[in-house]
Amino acid sequence: MFEARLVEGSLLKKVMESIKDLLNEASWDCSGNGMCLQAMDSSHVALVSLMLKSDGFENYRCDRSISLGINLASMSKILKCASNDDIITIRAEDDADAITFMFESPKQDRVSDYEMKLMNLDTEHLGIPDTEYACVIKMPSGEFSRICRDLSVLGDSVIICCTKDGVRFSAKGDLGNGNIKLAQSANVDKEEEAVVVDMREAVTLTFSLRYLNFFTKAAPLSSQVSLSMSEDVPLMVEYKINDKEGDSKGYVRYYLAPKIED
Amino acid sequence: VKNQSTLTSFFKKA
């Protein structure tokens, strides 16, 4: 038996919105630690690795580890039937061919449940090595979304250049070119508005804006995003999943293969 | 001209 109850159900709605445009289907791997999902997009350019920690749920029961194969578009549609303030419970029997979602209104005067068929998925997992990145950039997630959206006007790719002075995002195309420079915040009152660069070595890398724009769908989960880069390795974009009190419930991480010279 | 690489050239199958 697997059962997980999340009082702040909107977090699960936001998690689904952050992955459904990038992935068609994926397995939720449920264990005592929590619910994990790892999957690549169909072209193997981007990977999603997400974690919802068991202690982030108000109730969490997982008698034995199970893998729930899910059509993500279907799950997203069902979660849209939950109100933003609903409590969401996910339930699956061992060896079941279906998963149940229960939505309770805060006053418990409306309870709905939806059963969805599970899929048999042949999932292959990639081993992601622990990496000490040359640069880690933290910035407001809304700022990153805006940069990706604005530079998409000019081209398909963004060059991210991180030095001790700050970060520069550049794009060029038929109509011209554009640059956005962010300086490190000297002093900010609010931590979530800060731009912080932790740099061991300067890095310049090129990435597809199409994929970065998919990643920014996770911005509603977190006020800050971090970009971790080293020369010639995939970029890691991380949004932490925090509840209203700011406690960590997990993360959504995206990995994106760089554009490289042949 | 830069080309898009894939993740499978960086990460091994687990």
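The values are calculated or read from the model by the stated rules, or taken from the named source; none is laboratory data. If you're wondering where the values come from, they're calculated on a predicted model, not measured in any experiment. Backbone-built Cβ (ideal geometry, glycine too); neighbour counts: all protein chains shown.
Restricting attention to region A:152-169, the residues that are small (Gly, Ala, Ser), away from chain B (no Cβ under 13 Å) and in a strand (DSSP E or B) add up to 1.
A quick yes/no check of all residues on (1) acidic (Asp, Glu); (2) in contact (Cβ under 8 Å) with a residue 60 or more places away in the chain:
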{"site": "A:Ser10", "(1), (2)": "no, yes"}
{"site": "A:Glu25", "(1), (2)": "yes, yes"}
{"site": "A:Ser42", "(1), (2)": "no, no"}
{"site": "A:Glu58", "(1), (2)": "yes, no"}
{"site": "A:Asp63", "(1), (2)": "yes, yes"}
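The sole residue among A:Ser112, A:Ser74, A:Ser83 that is assigned to a helix (DSSP H, G or I), surrounded by 12 or more Cβ atoms within 10 Å (Cβ to Cβ) and at pLDDT 95 or above is A:Ser74.
Which residue pairs have Cβ atoms under 6 Å apart, sit 6 or more places apart or on different chains, and have a first residue in region A:103-126 that is acidic (Asp, Glu) and a second that is part of a strand (DSSP E or B)? Final answer for the pair search is A:Glu104/A:Ile87; A:Glu104/A:Val111; A:Asp113/A:Thr100; A:Asp113/A:Met102; A:Glu115/A:Ala98; A:Glu115/A:Thr100; A:Glu124/B:Lys13. Is it fair to say A:Arg91 is more than 14 Å from chain B (Cβ to nearest Cβ) and either surrounded by fewer than 18 Cβ atoms within 10 Å (Cβ to Cβ) or part of a helix (DSSP H, G or I) (or both)? When the stated conditions are applied, A:Arg91 does not pass them.
Go over the candidates A:Leu11, A:Leu52 one by one and state the one that is in a helix (DSSP H, G or I), closer than 19 Å to A:Phe215 by Cβ and in contact with a Gly (Cβ under 9 Å, 6 or more places away or on another chain). Only one candidate qualifies: A:Leu11.
Against the test of being in contact (Cβ under 8 Å) with a residue 12 or more places away in the chain and either in contact with a helix residue (DSSP H, G or I) (Cβ under 8 Å, 6 or more places away or on another chain) or buried (at least 19 other Cβ atoms within 10 Å of the Cβ) (or both), the options A:Gly69, A:Gly176, A:Gly166, A:Gly155 yield a single qualifying residue, A:Gly155. For region A:33-71, a tally of residues being touching a strand residue (DSSP E or B) at 6+ places or on another chain (Cβ under 7 Å), among the charged types (D, E, K, R) and under 14 Å from A:Met1 (Cα atoms) returns 1. Pick from region A:38-60 the residues that are more than 14 Å from chain B (Cβ to nearest Cβ) and either aromatic (Phe, Trp, Tyr) or touching a Phe, Trp or Tyr at 6+ places or on another chain (Cβ under 6 Å) (or both): which of them is farthest from A:Leu11 (Cα to Cα)? For region A:38-60, the residue satisfying everything is A:Tyr60. In region A:25-45, is there at least one residue being in a strand (DSSP E or B), modelled with pLDDT of 95 or more and of a type in the set (D, E, K, R)? The answer is yes, given that some residue of region A:25-45 is in a strand (DSSP E or B), modelled with pLDDT of 95 or more and of a type in the set (D, E, K, R).
At least 3 residues being surrounded by fewer than 18 Cβ atoms within 10 Å (Cβ to Cβ) and away from chain B (no Cβ under 14 Å) is the threshold, and among the strands (runs of 3 or more DSSP E) wholly inside region A:187-262 not one reaches it. Number of residues in region A:221-262 that are in contact with a strand residue (DSSP E or B) (Cβ under 9 Å, 6 or more places away or on another chain) and either within 22 Å of A:Glu58 (Cα to Cα) or of a type in the set (Phe, Trp, Tyr) (or both) equals 14.
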